[in-house]
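A quick write-up on the structure given underneath.
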Amino acid sequence: MASHSHSSSAASTAPKTTTALGIGVAGIVLTLVGAFVDKPATVATSWLVGITFWTGLALGVLLLVMIHHIFDAGWSTVIRRQFEHVLSVFPWLMLLFVPMLVVAWTNPTWIWKWMDPTFDLAQVGGHGTVGDDPLWSKKAAFLNRNFFTGCTIFSFLAWWFLSTRFRRNSFAQDKDGDLRWTYSSRKWSAIGLPLTAFTLTACIILWVKSMEYHWFSTMYGVWFFANCVRAALSLGVVLMVWLYARGDYKGILNNNHLHSIGQLMLAFTVFWAYVTFSQYFLIWNANIPEETFWYNVREMNNSDGQFNQWGWVGMFLLFGHFFAPFFALLSYRYKVTKSIIPWIGVFIAFVFLIDLCYNIMPAKKNTLGDPAPFLQSGLIWNLTAVIGIGGIFVWAYLRSFPTAKLIPIRDPRIEESLTHHEASAPPEGAAQPTH
């Protein structure tokens, strides 16, 4: 029966695979066209938003798979297989990041001013050139084009390599049930977690934070990590409910699985709030110009001191990224209701995208030091880039879906996962535990 269900699932997936690929190609082509009808720098910045969003989501999935193995988790075993399919996207994400490397080596000042030491900072409200800037000089060992390129390529190759290890081990265990595959995944998780943490932090600093290289933040990598995992958990609930609605997960998924992943979503919502508030509070309290300017340009215009559109985006992040999901996820009913929890996940992922826009787009300033208003900053190209790269992301998942069993049928903890928290009630009148 399980085999038959899986076969029909694979067959029904095929049309969606083609559709996803078509949507992805269309979005990419539209974004490319945008480079000819709008400012290329604006379109390049939008591509950075899109590729960072989907790479962050894939990194969150990779981290969750490694966390699953390193803690020898039981309940998440039935969900892990879908995450393993998602991991097939890394080579495509690496390919889709190539345009950013082309920009870095041909027109770097479209995005990263520090890559050109002769760039006149007066064009963005500053003074002198990048090469004369003592802050850049002190960071030049890290902020240089060669390191940017090498770190990016190494990181993608590392993420791709780790993904292939976990996919190979899991798929091979379906065939022979050998425990050595479980031990291998645990070993690679012990290696991969710190490696992914370092590469994730280095890349988000190079790709995004360095757009305003004067700024100092010791929490930026942790902020990105929190967003990546939140987005990955959100994708997890969407996939779980989608597969249940298709009939694949009938008899597999129960309310306790949804409740457990909902608890993690709540935990990382609080963690994101802690990290973000700590960063804001420490910068506000220290009141050092090299730190406060980052928030200033996202709250008020440098030229007239008026509250700008990015200030409203910041307020939306405060309520949308924390208060709304926090109070929703406090509810047990919302966490286990299949018509509600995936929409909470979609909303969290959407706000992660807005958070990236908030971090990336205001870095593009005019000669007065003001960023373009949020509603006039090339949002249409953000949309085409996100849809284009997202189409390839979904296509890679659907392409991998029929290549393995629906769940890891010979994983040593599969039975525990299938019966997650299911226990028969004690007989009436039986003594109740006192601890």
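Tabulated data
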item: Top of LYS139, LYS364, LYS405 by mean-square fluctuation, Gaussian network on the chain, Cα under 10 Å; result: LYS139
item: Nearest-ten-degree value, helix 255-286 long axis tilted from longest Cα axis of the chain; result: 20
item: Helix 2-37 vs. the chain, principal-axis angle (Cα, 0 to 90°, nearest 10); result: 10
item: Sorted by Cβ neighbour density within 10 Å, fewest at the top, the residues ARG167, ARG180, ARG413; result: ARG180, ARG413, ARG167
item: In order through segment 119-129: 3J(HN,Hα) via Karplus (6.51 cos²θ - 1.76 cosθ + 1.60), integer Hz, x for Gly, Pro; result: 5, 7, 5, 4, 5, 10, x, x, 9, x, 10
item: The chain: Lys pairs at Cα distance under 17 angstrom, eight or more positions apart or on different chains; result: 15
item: Which label in (1) 44, 25, 19; (2) 41, 24, 20; (3) 36, 27, 20 gives the computed semi-axes √(5λ) of the Cα gyration tensor in Å; result: (2)
item: Gaussian network model of the chain, Cα within-10 Å springs - most flexible of TRP272, TRP114, TRP136; result: TRP136
item: In sequence order, calculated HN-Hα J values of segment 348-354 (Karplus, 6.51, -1.76, 1.60; Hz; x Gly/Pro); result: 4, 5, 4, 5, 4, 4, 5
item: Proxy reagent accessibility, fewest Cβ within 10 Å first, across ARG80, ARG410; result: ARG410, ARG80
item: 5 angstrom amide H check on MET300, placed H, neighbours 5+ away; result: ASN308
item: Residue-by-residue Karplus 3J(HN,Hα) for segment 363-376, coefficients 6.51, -1.76, 1.60, Hz, glycine and proline x; result: 5, 7, 10, 8, 5, 8, x, 9, x, 5, x, 3, 7, 10
item: Surface/4 estimate of mean projected area, convex hull on alpha-carbon atoms of segment 58-214, nm²; result: 10.4
item: Listed residues LEU200, LEU48, LEU239, most fluctuating in the chain (Gaussian network, C-alpha, under 10 Å); result: LEU239
item: Bins of 5 Å, starting at 0 and running to the largest distance - Cα pair percent for segment 85-176; result: 3, 12, 17, 15, 13, 10, 9, 7, 5, 4, 2, 1, 1, 0
item: Kirkwood-based shape ratio for segment 215-377, expressed as Rg/Rh from alpha carbons; result: 1.07
item: Order of HIS69, HIS420 - criterion: other Cβ atoms within 10 Å of each residue's Cβ, fewest first; result: HIS420, HIS69
item: Helix 40-70 axis, angle to the chain major axis (alpha carbon atoms, nearest 10°); result: 30
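All of the numbers you see were taken from the coordinates with simple rules; none came from a lab. Owing to the predicted nature of the structure, the values given are computational and were not obtained by experimental measurement. Glycine gets a Cβ as well: all are built from the backbone with ideal geometry, and neighbour counts include every protein chain shown.
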